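Note sheet for the following structure.
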């Protein structure tokens, strides 16, 4: 079955995948970029291979989300982590997923004032454009070989995943991961243990290595030594855009002007207050 790793873009999904791939796909817990390949992105063309579905037709793609998910997991007893930036939507009577395909979901949410700065850098746009993207009802995420992802605006994405089955949902703030990565990872592992039949023991030694090897400094250093496979390419220079460039540093706040800060806070006030961001 599928265990969804969901978030709005630039909200900490890469960090979450780094933690989980280091735990489940290594013996020692030492992180490396190649581990991220174990957790695929949905929707993408991979899931539509060898099908007769017209992948140029967005309606046909969405209509068959659940069918291709079912085919992906059928006759397999293992659990598959899948990353998505999609909202948990229902469009034209078609759902993003269902509980027959999905074991559970982990949703990472991040302060939208930090998201917008990271979003602007990642997509090489100015803060005005990034703010408008977060506020767009028809927010779409599209990159490289991926298909269009219906993100919706920042708060819609968050609210939609809160409607996922409560017993199978783990909601975590990116800021809490950064504040206490070790205990947050343990909480996630305990959550996963509640969902599966074959329980696993939590390996403390492996966790220690994970915490050390996924620090922002280590990952930034790793990016400088090796190309980060998921980095966006600057259309002007043809070079990879640094992925690990700000971290949780306060200097990101200096890049958000008052006009856009107010715009974000006014639009998302209810959710930001609920999450303790205001």
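The values are calculated or read from the model by the stated rules, or taken from the named source; none is laboratory data. These numbers were taken from a predicted model, which means no experiment stands behind them. Quick reminder, even Gly has a Cβ in these numbers, built from the backbone with ideal geometry, and neighbours come from all protein chains shown.
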Task: Among (1) surrounded by 16 or more Cβ atoms within 10 Å (Cβ to Cβ); (2) under 21 Å from residue 90 (Cβ atoms) - the single one residue 163 does not satisfy - done: (1)
Task: Of the criteria (1) within 18 Å of residue 36 (Cα to Cα); (2) at pLDDT 90 or above; (3) within 19 Å of the chain's Cα centre (by Cα), which one residue 220 fails - done: (2)
Open item on the list: Return the residues of region 9-29 that are in a loop (DSSP other than H, G, I, E, B), out of contact with any strand residue (DSSP E or B) (no Cβ under 6 Å at 6 or more places or on another chain) and surrounded by 14 or more Cβ atoms within 10 Å (Cβ to Cβ); say none if nothing qualifies.
Closed with: 10, 25, 26, 29
Open item on the list: Can you tell me which residue is surrounded by the fewest Cβ atoms within 10 Å (Cβ to Cβ) among those in region 41-59 that are outside any helix (DSSP H, G or I) and either under 18 Å from the mean Cα position of the chain (by Cα) or touching a residue at least 60 places away in the same chain (Cβ under 8 Å) (or both)?
Closed with: 55
- [ ] Among what's in region 30-40 and is surrounded by fewer than 23 Cβ atoms within 10 Å (Cβ to Cβ) and not in a helix (DSSP H, G or I), pick the residue that is modelled with the lowest pLDDT.
- [x] 32
Open item on the list: All but one of (1) closer than 24 Å to residue 152 by Cβ; (2) crowded, with 16+ Cβ neighbours inside 10 Å hold for residue 91; state the number of the condition that does not hold.
Closed with: (2)
TODO: Just give me the residues in region 60-71 being without any contact (Cβ under 8 Å) to a residue 40 or more places away in the chain and touching a strand residue (DSSP E or B) at 6+ places or on another chain (Cβ under 9 Å), in sequence order.
DONE: 63, 64, 65, 66
Open item on the list: Given the options 114, 78, name the one that is surrounded by 15 or more Cβ atoms within 10 Å (Cβ to Cβ) and either out of contact with any helix residue (DSSP H, G or I) (no Cβ under 7 Å at 6 or more places or on another chain) or over 16 Å from residue 6 (Cβ atoms) (or both).
Closed with: 114
Task: Near pairs, Cβ below 6 angstrom, 6+ apart or cross-chain, from region 12-34 (at positive phi) to any residue that is outside any helix (DSSP H, G or I) and at pLDDT 95 or above - done: 12/108; 12/110
TODO: Could you grab the pairs with beta carbons closer than 6 Å, sequence gap of 6+ or different chains, first residue in region 249-278 and at negative phi and at pLDDT 90 or above, second one exposed (fewer than 14 other Cβ atoms within 10 Å of the Cβ) and not in a helix (DSSP H, G or I)?
DONE: 272/278
- [ ] State whether one or more residues within region 16-25 are at pLDDT 95 or above, over 18 Å from the mean Cα position of the chain (by Cα) and closer than 30 Å to residue 208 by Cα.
- [x] yes
